[in-house]
Amino acid sequence: MSVPIQQRKSDKTTRKANATLSEDQWDRLSNLVNLLKPFEVTTAFISGEEYVTASAVPSFVHGLCDKIEFADDDPDYNGLL
């Protein structure tokens, strides 16, 4: 079943209008990015194939646990965990 072009354009406009975020939602997303950044760095480092990373894993895990514990106690991260 095909959808008329005009209706598809209307659906895209509606989706864009619904994608507008409030200031609170932007703040929550910013906090989420800050919370996930160490996971990105850790993943990139551990995924490296040109160097041995097994000895670094415990340090990364400890650092990630610290970040999560900090976020758990911080009201800015409330509801993200």
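Structure above, values below:
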read-out: Pairs of alpha carbons in the range 22-76 whose separation is greater than 12 Å (percent); value: 71 percent
read-out: Whole-Hz ³J(HN,Hα) from phi, Karplus 6.51 cos²θ - 1.76 cosθ + 1.60, for the range 24-34, glycine and proline x; value: 5, 5, 4, 4, 5, 5, 4, 5, 5, 4, 4
read-out: Vicinal HN-Hα couplings computed from phi for the range 61-68 (Karplus, 6.51 cos²θ - 1.76 cosθ + 1.60; Hz; Gly/Pro x); value: 4, 4, x, 5, 4, 4, 4, 5
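Just so you know, all these numbers are worked out from the coordinates, no wet-lab data involved. Values in this document were obtained by computation on a predicted structure and should not be read as measured data.
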